[in-house]
Amino acid sequence: MTEIVRGAEWVLCRERGPGVPEGIYGAECMSCEARSPLFDDDELPVAVWSLQHTAEFPEHTLFLARTERHWRVVPRPHDPAPAQRPDTGGVLGPAFVGLMCLLTALSGLLPALTN
Ligand SMILES: [Zn+2]
């Protein structure tokens, strides 16, 4: 369901699950080095930060707004050979990948994302 790219051995998908934000929002000023804090699932604080920055520095009116998401690569489940499973191979494959992604997210294996 969230599969993005499928290779020969690996599948890249959107990371979802408890504690995984749908998006991480941030902005940086194009006139100086200022950067907003990052906010999970809410771009309004970033907009407020940008307005406040322009209020403080009236010349700084252009910002680069970013939305970041977590991706995860998981081993591709081996599809049954088409000759052996002609009825289900094309249907169960993506569904199984989606389940794999969900299970991976729920398993708490997020050491790089919890800091
Ligand atoms: Zn600035």
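The values are calculated or read from the model by the stated rules, or taken from the named source; none is laboratory data. Note that the structure is a prediction, hence the values are computed from the model and not measured. For neighbour counting, all protein chains shown are included, and Cβ atoms are generated from backbone atoms with ideal geometry for every residue, glycine included.
List of remarks:
- Residues satisfying the stated conditions in the stretch 48-74, i.e. surrounded by 16 or more Cβ atoms within 10 Å (Cβ to Cβ), assigned to a helix (DSSP H, G or I) and under 27 Å from the mean Cα position of the chain (by Cα): W49, S50
- Residue match in the stretch 6-14 (condition: exposed (fewer than 13 other Cβ atoms within 10 Å of the Cβ), farther than 30 Å from P77 by Cβ and among the aliphatic types (A, V, I, L, M)): no
- Among the residues of the stretch 1-16, those identified as over 24 Å from V46 (Cβ atoms) and either modelled with pLDDT of 85 or more or not hydrophobic (A, V, I, L, M, F, W, C) (or both) are T2, E3, R6, G7, E9, W10, V11, L12, C13.
- Residues in the stretch 26-46 that are outside any loop (DSSP other than H, G, I, E, B) and either within 15 Å of the ligand (Cβ to nearest atom) or in contact with a Lys or Arg (Cβ under 7 Å, 6 or more places away or on another chain) (or both): G26, A27, E28, C29, R35, V46.
- Among the residues of the stretch 21-39, the ones that are of a type outside the set (S, T, Y), surrounded by 12 or more Cβ atoms within 10 Å (Cβ to Cβ) and under 21 Å from H70 (Cβ atoms) come to 10 in all.
- Boolean, L44 is outside the structural domain of E3 (by TED's automatic domain parsing), among the aliphatic types (A, V, I, L, M) and in contact (Cβ under 8 Å) with a residue 12 or more places away in the chain: no
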